[in-house]
2 protein chains.
Amino acid sequence: MTTIKDIARVTGVSVTTVSRALNGYSDVNEKTRQKIIRVSKEMNYSPNTHARSLVMNKSKTIGLLVSGLVKSSVKDNFTLQILAGINQFTADSDYDLVLFSTTSTKQREKTYSQLCKERRVDGVIIQGIRTDDPYLLEVVESNIPCVLIDIPINSNTVGYITTDNVEGAKKAVNHLIGLGHKKIAMMNGHEFAFVSKNRLEGFKEALVEADLPIHNEWIVNGEFSEEAAEEKALELLTEHPDITAIFCASDLMALGVMKAAKRLAIDVPNGLSVIGYDDILLASYVTPALTTISQNIYEMGYGAAKQLVHTLEEGAEPNVITLGTELKVRDTTGPCLRR
Amino acid sequence: MTTIKDIARVTGVSVTTVSRALNGYSDVNEKTRQKIIRVSKEMNYSPNTHARSLVMNKSKTIGLLVSGLVKSSVKDNFTLQILAGINQFTADSDYDLVLFSTTSTKQREKTYSQLCKERRVDGVIIQGIRTDDPYLLEVVESNIPCVLIDIPINSNTVGYITTDNVEGAKKAVNHLIGLGHKKIAMMNGHEFAFVSKNRLEGFKEALVEADLPIHNEWIVNGEFSEEAAEEKALELLTEHPDITAIFCASDLMALGVMKAAKRLAIDVPNGLSVIGYDDILLASYVTPALTTISQNIYEMGYGAAKQLVHTLEEGAEPNVITLGTELKVRDTTGPCLRR
DNA sequence: ATGAAAGCGCTAACAG
DNA sequence: CTGTTAGCGCTTTCAT
């Protein structure tokens with residue numbers, strides 16, 4: 001493997017000069033530079049990033065801590081879109097991405113800061129960890145720049161990007177209210193997700209603003225899982241047949257709800273309106289097509305990477321980015337036919 | 001940032017002993033080791049992988065060169081499943097993954113071996129590059145262990161994992177023939193994909209074995225794109241209305257074909273049988289649900305990682321893995337109602 | 001404009 | 001069982 005030493009030998013200059021020439025410093029004779037560049041090409045030279053990282057104390061890498069890189073979560077390609085967005089931005093930067101593959105077992109072995117320190121990543125992007133994840137504390141305590149996706153924590157090294165979940169949820173519920181629904185339930189995720197908290201807030205706000213009562217027993221947790229949501233919806237709809245609409249905190253859970261409705265022979269949307277959240281790929285392909293709140297997931301990834309690199313390059317403090325949402329009316333919501 | 005030097009100072013031993021103690025060498029006094037371990041924990045020590053890589057000349061990282069980490073390819077989450085499989089395996093190994101984000105622009109700047117050499121990756125997994133990609137040559141010439149996904153190239157450093165595409169295609173076509181179809185067209189991908197080549201081969205073999213003629217004008221390329229396939233199918237079905245079934249080299253293209261059929265008011269499966277390939281997520285969710293050849297994409301990723309790590313650890317020569325396929329009969333294929 | 005020398009944090013002979 | 005020393009490939013003062 002060619003090193004700058006080899007190039008120095010061949011060109012007859014010192015390693016210092018080679019280093020400077022290759023890194024574009026100005027204080028190198030143009031002729032010398034040309035020669036060095038030519039030789040390094042001939043010798044097929046590539047700099048050793050490890051050596052460089054070691055001395056420069058930065059690695060030009062961004063650590064990625066994402067959930068959803070497991071078999072079970074192939075259905076909601078949320079993670080893929082996040083990755084695509086991140087990748088799109090970093091491809092044009094000179095940062096590379098390292099995927100921290102953290103299974104639950106491994107996670108117990110290595111702390112967050114160990115993960116980062118070992119690889120000396122310059123910054124981190126985190127998505128999909130729960131609010132009760134011990135890593136979260138470390139992120140704040142550590143002084144490694146970090147951008148969180150959908151986790152509202154902000155410090156002088158930590159920023160985040162999210163969508164307006166309160167507003168999104170309100171939009172969804174107002175859509176149902178506008179269709180005449182008054183008995184609206186909510187299929188939430190779980191208590192360890194910030195988005196759940198916010199979407200619940202939006203749900204309640206919308207009801208209150210419409211002078212509609214809040215039935216706590218109509219708010220259930222489907223764990224962001226299609227199967228769990230199906231079971232929970234089955235119970236809910238059996239016990240409270242007067243419910244005419246359900247707002248779901250994720251599309252996957254909305255699919256579960258629709259399955260439950262089918263099992264109970266309830267027609268969607270005529271017997272029950274269902275609205276989801278996320279606008280995952282499947283939303284527009286299932287039958288009937290799912291009405292949902294669309295968020296630009298790709299954009300979140302892109303924005304996270306952009307924000308992080310900006311922080312890294314400019315030393316700017318990371319801040320907060322909130323993206324908008326959009327109501328996509330499809331075929332699972334319709335006018336309330338009961339009173 | 002704590003280094004072994006610091007630990008050596010505090011514990012009163014040499015850096016060598018610290019290094020040996022921490023790396024589990026046997027020739028260290030157990031008491032000394034315990035002390036060193038205790039202190040390194042107290043001081044929150046993490047080894048610097050860059051320093052280690054530099055001296056050991058290996059990095060414990062695997063480079064990932066995948067397509068489909070772009071906005072446009074979110075529909076077929078092939079890449080996500082590959083990544084999930086790879087991740088699943090490497091999570092339990094001590095390898096980390098680095099994502100080479102290679103846009104077309106960047107690709108022209110850096111050669112494959114530059115990419116690998118800079119990061120000193122120990123091995124590479126490649127998916128989704130075309131047969132005319134210049135990187136492919138480099139892969140073979142380079143002496144970095146590599147496992148290719150769906151690209152049949154084999155050398156003493158390069159192995160691959162794939163499914164039996166000839167057999168898979170035959171299975172699909174035989175299914176159609178079994179339903180009485182005799183006028184079967186093929187929507188292929190493009191000439192720069194190995195899978196296309198093989199699936200075409202299987203298609204032809206199946207026809208020949210059934211004593212059916214091969215109409216070359218019934219074989220068209222949809223570029224693995226839903227839109228292109230729709231247009232091509234539109235032409236094909238307009239010009240050759242006697243076609244009763246189409247075998248598509250990917251599910252995405254099958255969706256395009258179904259759209260074309262809809263535009264031409266041809267009922268699927270009664271007026272036209274359509275069979276896809278891949279069994280992507282959407283296949284089972286569209287209406288009518290798509291009959292297709294299922295391949296275990298997750299398993300391919302897992303197998304690729306397993307094979308590569310095995311090569312890396314044991315120094316074994318990479319070899320060839322061929323996975324089976326499975327016919328999933330759904331609702332887009334039915335008996336031939338014409339003659 | 002160029003070079004000598006030091007050092008980033010670690011491992012690996014070699015010596016004791 | 002432990003320490004000394006050298007060196008991985010690179011950047012960076014500090015001289016010249």
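Rule-based calculations on the coordinates, nothing more; no lab input. This one's a predicted model, so the numbers in the text were calculated from it and none came from an experiment. With ideal geometry, Cβ positions are generated from the backbone for all residues, glycine too; neighbour counts draw on all protein chains shown.
Dipole of chain B, Cα-centred, from +1 at each Lys and Arg C-beta and -1 at each Asp and Glu C-beta, to the nearest 20 debye?
Approximately 1360 debye in magnitude.
How large is log10 of I(q)/I(0) for the range B:4-47 at q = 0.18, 0.27, 0.28 Å⁻¹ when the intensity is taken from the Debye formula with one equal scatterer per alpha-carbon?
For the range B:4-47, the Cα-only Debye profile gives -0.39, -0.91, -0.99.
Mind checking which of A:15, B:319, A:146 is farthest towards the positive end of the protein assembly as shown's charge dipole, using Cβ charges of +1 (Lys, Arg) and -1 (Asp, Glu) about the Cα centre?
Towards the positive end, the residue furthest out is A:15.
Counting only other chains, and only Cβ atoms inside 10 Å, what mean value do you get across the residues of B:91-101?
6
Pull up the cross-link candidates among the aspartates and glutamates for residue B:328, meaning alpha carbon to alpha carbon under 13 Å and not fewer than 8 places away within one chain.
The reachable aspartates and glutamates, counting only those whose Cα sits under 13 Å from residue B:328, are B:251, B:278, B:279.
Arrange the peptides B:70-82, A:325-337 so that the one whose residues have, on average, the most other Cβ atoms within 10 Å appears first.
Peptide ranking by packing, descending: B:70-82, A:325-337.
Taking the Cα centre of the range B:4-47 as origin, work out the dipole magnitude from +1 charges on Lys and Arg Cβ and -1 charges on Asp and Glu Cβ, in debye rounded to 20.
Here the range B:4-47 has a charge dipole of around 80 debye.
Two decimals, Cα atoms only, Kirkwood Rh: what is Rg/Rh over the range A:111-176?
1.12
What average number of partner chain Cβ atoms lie no more than 10 Å from the Cβ of the residues making up A:298-304?
Per residue, the average neighbour count from other chains is 1.
Using +1 at the C-beta of Lys and Arg and -1 at the C-beta of Asp and Glu, which of B:203, B:177, B:256 has the Cα lying farthest in the positive direction of the dipole of the range B:165-295?
B:177
Just name one of A:70, B:224, A:160: the one whose Cα is farthest towards the positive end of the charge dipole of the protein assembly as shown (beta-carbon charges, Lys/Arg +1, Asp/Glu -1).
With unit charges placed on the Cβ atoms, the residue in question is A:160.
Please compute the average number of Cβ atoms from other chains found within 10 Å of each residue's Cβ in peptide B:111-121.
4
With a 10 Å cut-off between alpha carbons and a GNM built on chain A, which of A:322, A:32, A:311 moves the most?
A:32
At 1.002 mPa s and 20 °C, plugging the Kirkwood radius over alpha-carbon pairs of chain A into Stokes-Einstein gives what diffusion coefficient in µm²/s?
Taking Rh from Cα pairs, D becomes 95 µm²/s.
Based on DSSP, what percent of beta bridges with both residues in the protein assembly as shown are antiparallel, to the nearest 5?
Antiparallel bridges make up about 15 percent of those DSSP assigns within the protein assembly as shown.
Round to a whole angstrom and tell me the spacing of the C-alpha centers of the range B:252-277 and the range A:198-277.
35
List the relative contact order of chain A as a percent without decimals, with contacts defined as Cα pairs under 8 Å and 6+ residues apart.
Normalised by residue count, the contact order of chain A is 18 percent.
From the label point of residue B:132, set 7 Å from Cα along Cα→Cβ, how far away are the matching label points in the other copies, in nm, ordered shortest to longest?
Ordered by distance, the counterparts are at 5.6 nm.
How far apart are the residue B:317 label points across copies, placing each 7 Å from Cα toward Cβ, in nm, shortest first?
In ascending order, 6.1 nm.
Of all DSSP beta bridges located in the range A:261-331, what percent are antiparallel, nearest 5?
Here the antiparallel bridges make up roughly 50 percent for the range A:261-331.
Run through the other copies and list how far each one's label point is from that of residue A:152, in nm with one decimal, shortest first; the point sits 7 Å from Cα along Cα-Cβ.
Shortest to longest, the spacings are 5.6 nm.
With just the Cα atoms of the protein assembly as shown, tell me how far they stretch along each of the three principal axes, in Å, largest first.
79, 70, 53
What lysines does residue A:232 reach when the alpha-carbon gap must be under 16 Å and sequence neighbours fewer than 8 apart in one chain are set aside?
Counting by Cα, and skipping residues close in sequence, residue A:232 has these lysines nearby: A:259, A:262.
Treating the beta-carbon of each Lys and Arg as +1 and of each Asp and Glu as -1, no other charges, what is the dipole magnitude of the range A:165-295 about its Cα centre, to the nearest 20 debye?
With Lys and Arg at +1 and Asp and Glu at -1, about 260 debye.
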